[in-house]
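The values are calculated or read from the model by the stated rules, or taken from the named source; none is laboratory data. Bear in mind the structure is a predicted one, so any value in this text is a computation, not a measurement. Here the Cβ positions follow ideal geometry from the backbone for every residue, glycine too, while neighbour counts run over all protein chains shown.
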Amino acid sequence: MARRKYAGRMASLYLHIPFCVRKCEYCDFVSGVAGEAEIDRYLRALDRELELRFPGGLAPDTVFIGGGTPTRLSATQWLTLGGILRRRLDLSRCAEFTSEINPGTLTPEKADALRAAGVDRASFGVQSFHTRYLQGLGRAYEAGTATAAVQMARNAGIARVSMDLMFALPGQTPAELREDVDAALAHDTEHLSLYALTYEDDTPLTRQLQSGAVTPCPEELEREMFGLVGDMLAARGLPRYEVSNFARAGAACRHNLVYWTLGEWHGVGAAAHGLIGGQVHRNPPDWKVYCDAIEAGRLALQTEAAMPRFERAETLLLMGLRLTQGVELRRFRNLAGEGFHTLCAAPAARLIEQGLLELNQTHVRCTNEGLFVLDEIIVQLAAGMKAMPGTVNDQ
Ligand code: SF4
């Protein structure tokens with residue numbers, strides 16, 4: 001390959017595919033249904049954005065294709081996408097290339113096309129191995145579909161497998177959750193993400209909740225399930241490393257660690273955002289608005305602004321406390337201009353006394369109990385930080 005110059009430093013790349021087969025009952029992500037011509041148009045826009053954004057090329061450390069449903073694209077469209085990525089990127093230094101996969105949309109041809117594009121890690125949005133829960137969530141496949149899809153990915157040479165499961169589903173029992181985790185591990189998955197079902201504003205599922213058609217999982221049961229998966233997966237060699245993520249040794253998602261440690265990444269495609277050199281860039285959520293801008297010969301930036309130093313420190317806490325290793329105190333000081341002990345003394349003391357937070361010489365981290373109420377911890381720390389007089393609030 002011809003020698004290229006690379007603008008900027010090493011960074012990760014997120015690429016958004018906003019299309020789905022149909023909308024799930026609980027989903028508030030930026031995604032929707034589109035025809036083939038619209039998808040082809042979007043792929044041309046992605047190609048152009050990569051060209052505009054990286055005129056000197058880019059050698060990403062990690063690539064993550066998310067959605068939406070990246071595997072909503074046909075095998076031919078994936079071959080086109082692979083060609084675009086080869087033309088615009090140097091993947092020779094890429095340490096991890098993940099694509100999200102909806103099990104119901106994978107075919108052997110598509111799996112081959114994903115591998116040809118460079119994908120070496122498959123993240124399956126399985127959600128449940130029980131068909132009745134899949135139906136309740138509005139997922140467009142049945143329980144056995146995931147098994148076939150994993151086999152297709154493996155046959156294509158995509159060795160690394162991660163699965164997403166959901167818990168705290170209406171009516172779900174701990175025994176059924178155990179069965180789901182067992183079923184996922186039976187596929188020799190190296191990484192699991194377990195998310196509690198949340199009821200987002202203005203989704204069909206939330207309207208069912210409001211009308212009394214579904215009964216939410218009681219908080220005590222959700223807490224029991226949160227503990228259950230932690231214990232179960234630790235015993236099976238996949239300890240929790242992030243509030244919702246579990247991995248075998250060396251199999252943590254390198255790309256997502258970039259977000260959780262406030263590293264640097266580029267976001268490409270509608271609704272994507274990135275953080276490079278302290279600047280946040282954000283594309284518009286509407287893919288038609290995105291395509292119009294790109295076709296007019298310019299980047300589709302909705303916003304681009306420096307993230308103030310203090311906000312970066314706050315974000316580092318917000319993201320880093322998700323990790324079981326916690327946040328490095330030295331890094332926090334470098335960003336905030338003041339130490340954690342100074343800026344967060346009052347709320348931290350309260351949270352430590354409540355057994356929710358731990359501090360050692362190098363890190364601040366949540367206890368197991370604290371991880372379950374992470375959102376509350378973040379709110380208390382952020383409020384405490386803002387209340388401090390004379391803190392550094394800009395670069
Ligand atoms: S497949 Fe994912 S992004 Fe698409 S509608 Fe369902 S939950 Fe939302």
So Tyr141 ticks every box in (1) touching a residue at least 40 places away in the same chain (Cβ under 8 Å); (2) within 30 Å of Thr206 (Cα to Cα); (3) within 23 Å of the chain's Cα centre (by Cα) but one. Which box is left unticked? (1)
Here the qualifying pairs (Cβ atoms under 9 Å; residues six or more apart or on different chains; first in the range 19-31 and touching a residue at least 12 places away in the same chain (Cβ under 8 Å); second outside any loop (DSSP other than H, G, I, E, B) and near the ligand (Cβ under 6 Å from one of its atoms)) come out as Phe19/Gly67; Cys20/Gly67; Phe29/Gly67; Val30/Gly67; Ser31/Gly67
Listed residues Ser12, Ser99; which is buried (at least 18 other Cβ atoms within 10 Å of the Cβ) and within 15 Å of the ligand (Cβ to nearest atom)? Ser99
Which one of Leu205, Leu192 is within 26 Å of Leu233 (Cα to Cα), out of contact with any Pro (no Cβ under 7 Å at 6 or more places or on another chain) and in the same structural domain as Lys110 (by TED's automatic domain parsing)? Leu192
Out of all the residues in the range 134-167, which are more than 16 Å from the ligand (Cβ to nearest atom) and either more than 22 Å from Ala113 (Cα to Cα) or in contact with a Gly (Cβ under 7 Å, 6 or more places away or on another chain) (or both)? Ala143, Gly144
Taking Arg365, is it crowded, with 16+ Cβ neighbours inside 10 Å and either under 24 Å from Val243 (Cα atoms) or not acidic (Asp, Glu) (or both)? yes
Does His130 qualify as being surrounded by 18 or more Cβ atoms within 10 Å (Cβ to Cβ), more than 16 Å from the ligand (Cβ to nearest atom) and closer than 21 Å to Leu13 by Cβ? no
Given Leu165, Leu137, which one is in contact with a Cys (Cβ under 8 Å, 6 or more places away or on another chain) and within 18 Å of Ile101 (Cα to Cα)? Leu137
Do the conditions hold for Leu50, that is, is it in contact with a helix residue (DSSP H, G or I) (Cβ under 6 Å, 6 or more places away or on another chain), part of a helix (DSSP H, G or I), touching a residue at least 40 places away in the same chain (Cβ under 8 Å) and of a type in the set (A, V, I, L, M, F, W, C)? yes
Enumeration of residues in the range 342-388 that are over 28 Å from the mean Cα position of the chain (by Cα) and of a type in the set (S, T, N, Q): Thr342, Gln354, Asn360, Gln361
Identify the residue in the range 60-96 that is in a strand (DSSP E or B) and not polar (S, T, N, Q) and, among all such residues, is nearest to the ligand (Cβ to nearest atom). Gly67
Residue tally, condition surrounded by fewer than 16 Cβ atoms within 10 Å (Cβ to Cβ), over 24 Å from the mean Cα position of the chain (by Cα) and not in a helix (DSSP H, G or I), over the range 164-215: 5
For the range 14-27, does any single residue satisfy the condition of being farther than 23 Å from Phe124 by Cβ, touching an Asp or Glu at 6+ places or on another chain (Cβ under 9 Å) and outside any loop (DSSP other than H, G, I, E, B)? no
